[in-house]
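Let me begin by presenting the structure, written as structure tokens, before commenting on it.
The values are calculated or read from the model by the stated rules, or taken from the named source; none is laboratory data. The model shown is predicted, which means the values in this text are computed figures rather than measured ones. A quick note on method: Cβ atoms are made from the backbone with ideal geometry, for glycine too, and the neighbour counts reach across all protein chains shown. Note: accessible area is taken over every heavy atom of the protein model, side chains too, but ligands, DNA and RNA are not part of it. Shrake-Rupley method; radii C 1.70, N 1.55, O 1.52, S 1.80 Å.
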Amino acid sequence: HHWMEEGLATYVEPLGRTRIRTLSAEQVWGDLVRDMPQGLPGRRDPGLDCNYDWGRTYWGGAIFWLLADVQTRLRSDNRQGLEHALRAIVAAGGTLEELWSIERVLEVGDRAIGGAVLRPLYDEMKNRPAPVDLQALWRRLGVVARDGQISFDERAPLAAVRRAITFGSDRT
């Protein structure tokens with residue numbers, strides 16, 4: 001599950017840098033819009049568990065974590081996000097210092113967010129292509145890419161979700 005580790009780092013590191021104000025929100029979302037398509041599956045893609053392509057490992061994993069974050073926020077009325085699942089996993093000892101099964105990671109994370117998000121998403125993406133319409137997701141989040149520039153549509157249906165992902169749940 002190398003894609004899970006590398007995808008997580010690819011997704012959360014720039015968001016963390018935004019939260020400490022060393023990267024702008026426009027830079028982070030611009031990079032995601034530009035680079036995430038590298039993680040989209042091809043027609044015969046065997047799924048994240050069986051594809052060792054660089055783009056699928058890093059950006060396919062990042063897509064998984066973005067979807068998990070959005071779904072968690074939608075299920076919780078934006079009160080919880082991926083960070084809540086990750087904090088619980090780390091608090092329970094789930095770090096690189098201890099080898100955990102994928103089942104344990106998913107179970108601890110899902111329990112922390114009070115519902116099944118990680119496990120069903122993993123089951124959907126682990127051994128089949130599971131295409132994602134990134135353009136539709138960007139529109140729903142209010143991420144607008146035009147002429148190489150990023151702006152935000154605060155009227156988009158998931159603009160508050162985007163803000164919470166970017167700045168944390170307490171800053172929506």
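Kindly establish whether THR18 is in contact with a Ser or Thr (Cβ under 7 Å, 6 or more places away or on another chain) and either among the polar types (S, T, N, Q) or on the phi < 0 side of the Ramachandran plot (or both).
Taking the combined requirement at face value, the residue satisfies it.
The set of residues from region 1-16 being charged (D, E, K, R) and either crowded, with 16+ Cβ neighbours inside 10 Å or over 20 Å from ALA85 (Cβ atoms) (or both) comprises just one member, GLU6. Considering the conditions (1) touching a Gly at 6+ places or on another chain (Cβ under 9 Å); (2) open to solvent by 20 Å² or more (accessible area, probe 1.4 Å); (3) among the hydrophobic types (A, V, I, L, M, F, W, C); (4) part of a helix (DSSP H, G or I), VAL132 is excluded by exactly one of them, (4). Every condition in (1) part of a helix (DSSP H, G or I); (2) open to solvent by less than 70 Å² (accessible area, probe 1.4 Å) holds for ALA156 except the one numbered (1). Region 36-127 holds helices (runs of 4 or more DSSP H) entirely within its bounds, and those carrying 3 or more residues that are small (Gly, Ala, Ser) and open to solvent by less than 30 Å² (accessible area, probe 1.4 Å) map to 61-75.
Of the residues making up region 7-26, those that are more than 12 Å from the chain's Cα centre (by Cα) and closer than 11 Å to THR166 by Cα are GLY16, ARG17, THR18, ARG19, ILE20, ARG21, LEU23, SER24, ALA25, GLU26.
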